[in-house]
Amino acid sequence: MTEKKPAIKTQSISIRAIITGMSLGCLLVICNLYMGLRIGWSINMSVLSSLLGFIVWKAISKGISCQEWDPKEANIQQTTASAAAGTLSAGLASAIPAYMIVSDSQLDYWPMVFWMICISLLGICVASAIRPAMLQNPRLRFPAGIATAEVISDMFSNARVARHKTIALISAMTFTMGHRIFIPMSYKLPLGFSIPGHGTLAGTSISAKNLGFVIDPSYMLLAFGAIIGTKSALSLLAGSLIAWLGVAPFILEQGWEQPGPTDSYWFSNLIDWLVWPGVAMMLASAVTTTLISLIKSKKRSSISLMWGWQECLLLTLLAPIIIGLQVYLFDISWFAAIVAIPLAFIFAVVAAQVVGETGIPPIGALGKLSQLSFSMISPGSITTNLMTANVASGAAGQATDLLNDFKAGHLLGTNPRHQMFAQAFGILAGCLTSAAVFLALFPNPAEQLMTTEWPAPGVAAWSAIALALTQGLEAIPQSARYAMFIGMIAAMLNELLLLIVPSKWHSYLPSMSAVGLAFVLPAHISLMLCIGALLSKLVRQLAPRWSKRFLIAIAAGCIAGESLVGVLGSLVFMIN
């Protein structure tokens, strides 16, 4: 799709678009929460929310007489829904549960909601201020925004394509929900291998099931693998083989960790050790790539803030509230609380540039980098390390989501002020819903998270970094410190190689953040994500036109169907 504005008649913002977006956003944020706590990733829900909104209003228009659903309304509805789904970046799969675990504290519903809303609104302020500079920069294409505009344009210009995409999405969602209901998640097929034990395990064997190498009947994992691509998926598989097939048996044989029951998965026995080298790789990769991005951006162009009275008013209202919440809720020093605001702006701008170029929001990486920054500003305080960094990552998450929507709106001719308004309502719906679902599912995060069912890799990473940066080496098992050092060096060298080797070889270098993530994910998740990515690549090669039109819709339907049923099933199980 070319980046020329189509000549579409301007239509003002509509109440039905906002309400539809808020309603769909409440469902989509549940999907992102499920994925965030299961596999450590969430996705931009713009395309899925566009398709769902189109389906809803096509169905309604057949039953009652109403004004035709308009492309700009679809953009406003999608902006609202994706904003709601994007509120996960405000910390529910990372900083907030990590804070509750390491501080042995409980964060009640309304303080949690108010906190998430405020730091998410800060992201709107950043995105709006840098919008003109970002969208006018030819280097920053914002591919996710362009893809959203393409989907919306296709739906309204080609009724046949829209109908087929609708059928594909609904069919995938229905099939996946049925699978999730009738085939329990506990059903997994172990791979048929075992390795002999040595050292303290001499005379025994370690099975594939013990290490987590099983086939998991999850269409959500296969679909998510199709979305993240082969490089990330293969990096996850490589990291999983290193961690669970190489390192895990070694640390058991050395007696650094103890095995579990013979016929069980030993994830909970091993994760306390493996989290350290995994997090070290993710942190080193985040710091190195962010510094490289900053250097490149400084060389190429500078970003100027375009301040209007709306941005000034919003920042004037939000800044003292966010500072006060940090001091009141988390007992953070005034100095650290104040510094968190400009640091959030800086990191949000960095994230926006990365998303503009690659389409991939580096929210996890920036969260780790902000934790590192606050370990120097306020050393020794775990709470400060977690929750000030949460301000930066939450603002960056919403800023990048809104900038993608601004790009789509720019192509469709939507008023950006209307999109800001829609983003705010989406944030409200997403925070109210996600906090309620989280507290209902996890009344005791310390016991329920970082388990085989809910690995919560983001929570594990944020907790580990906070402990290491504030308590020093004493918080890390001595045997794991050497592995951390090796992992950090490997990650830094890998990222620096991207500056040296020709670009044609870049696809052959692993993603070290994905390799590190595999250390804190159960092996079966990495395995299924890789299978999904490879199957997707095969389908794209065999049927490129069909794949371009329908593959994302089918993947989105699988993710939405399994996530919603998974969360509802967990809630029903807890009630019973």
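The values are calculated or read from the model by the stated rules, or taken from the named source; none is laboratory data. These figures come from a predicted structure and were not determined experimentally. Note: ideal-geometry Cβ built from the backbone for every residue, glycine included; neighbour counts use all protein chains shown. For the accessible areas, the whole protein counts, side chains as well, though only heavy atoms, and no ligand, DNA or RNA atoms are used. Shrake-Rupley method; radii C 1.70, N 1.55, O 1.52, S 1.80 Å.
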Practice task
Return the label of the correct value of P(r) over Cα pairs in 20 Å bins from 0, in percent, as calculated from the structure shown, out of (i) 17, 36, 22, 19, 6, 0; (ii) 21, 57, 20, 1; (iii) 17, 41, 31, 10, 0.
Solution key: (ii)
Handout entry: Modelled FRET efficiency - R0 30 Å, residue 497 with residue 537, Cβ distances, 0.05 increments
Key = 0.80
Exercise for the section: Would you mind giving the average projected area, over all directions, of the Cα convex hull of the range 415-486 in nm² with one decimal? Expected result: 8.4 nm²
Handout entry: Heavy-atom accessible surface of the chain: percent carbon and sulfur, 1.4 Å
Key = 66 percent
Practice task
Could you work out how far apart the two model spin labels at residue 193 and residue 141 are, taking each label as a point 7 Å from the Cα in the direction of the beta carbon, and quote it in nm?
Solution key: 3.9 nm
Practice task
Using only Cα atoms, find the angle between the long axis of helix 544-575 and the longest principal axis of the chain, and express it within 0 to 90 degrees, rounded to the nearest 10.
Solution key: 70 degrees
Exercise for the section: May I ask for the net charge around residue 534, where only other residues with Cβ less than 14 Å from the Cβ of residue 534 are counted and Lys, Arg are +1 while Asp, Glu are -1? Expected result: +3
Exercise for the section: Give the accessible surface of the chain per residue, rounded to a whole number of Å², with probe radius 1.4 Å and ligands, DNA and RNA excluded. Expected result: 41 Å²
Practice task
For the chain, find the longest principal axis of its Cα atoms and tell me its angle to the long axis of helix 109-135, 0 to 90°, nearest 10.
Solution key: 60 degrees
Handout entry: Peptides ranked, highest mean first, by Cβ atoms within 10 Å: ranges 49-55, 19-25
Key = 49-55, 19-25
Fill in the blank from the handout: Counting Lys and Arg as +1 and Asp and Glu as -1 over every other residue whose Cβ sits under 11 Å from the Cβ of residue 128, the net charge comes to +1
Problem - Under 15 Å, Cβ to Cβ, from residue 560 - net charge with Lys/Arg +1 and Asp/Glu -1 - result: +2
Problem - All aspartates and glutamates inside 17 Å of residue 368 as judged from Cα atoms, apart from same-chain residues fewer than 8 positions distant - result: 495
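Under the classification rounded if a/c is under 1.5, otherwise prolate if a/b is larger than b/c and oblate if not, where does the range 4-129 fall, given a ≥ b ≥ c as square roots of the Cα gyration tensor eigenvalues?
prolate
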Handout entry: Relative contact order (%) - the range 12-139, alpha-carbon pairs under 8 angstrom, separation at least six
Key = 32 percent
Fill in the blank from the handout: So for the range 161-217, using the alpha carbon gyration tensor with a ≥ b ≥ c as root eigenvalues (a/c under 1.5 gives rounded; past that, a/b versus b/c decides prolate or oblate), I'd call it prolate
Handout entry: For the chain, calculated [θ]222 nm from helices alone, where every DSSP H run of n ≥ 4 adds -39500 (n - 2.57)
Key = -24500 deg cm²/dmol
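Just want to confirm a number: the relative contact order over the chain, from Cα pairs under 8 angstrom separated by 6+ residues, in percent.
It rounds to 34 percent for the chain.
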Practice task
Calculate how steeply helix 15-39 sits against the longest principal axis of the alpha-carbon atoms of the chain, using the helix alpha-carbon long axis, and give the answer as 0 to 90 degrees to the nearest 10.
Solution key: 10 degrees
Problem - FRET efficiency, residue 161 to residue 202 (Cβ-Cβ, R0 60 Å, nearest 0.05) - result: 0.45
Exercise for the section: Taking 7 Å along the Cα-to-C-beta vector as the label spot, tell me the residue 474-residue 108 distance in nanometres, rounded to one decimal. Expected result: 3.4 nm
Practice task
With a 1.4 Å probe and every protein chain left in place, tell me how much accessible area residue 282 has, in Å² to the nearest 10.
Solution key: 20 Å²
Problem - aspartates and glutamates whose Cα lies under 20 Å from that of residue 548, excluding same-chain neighbours fewer than 8 positions away - result: 3, 150, 154
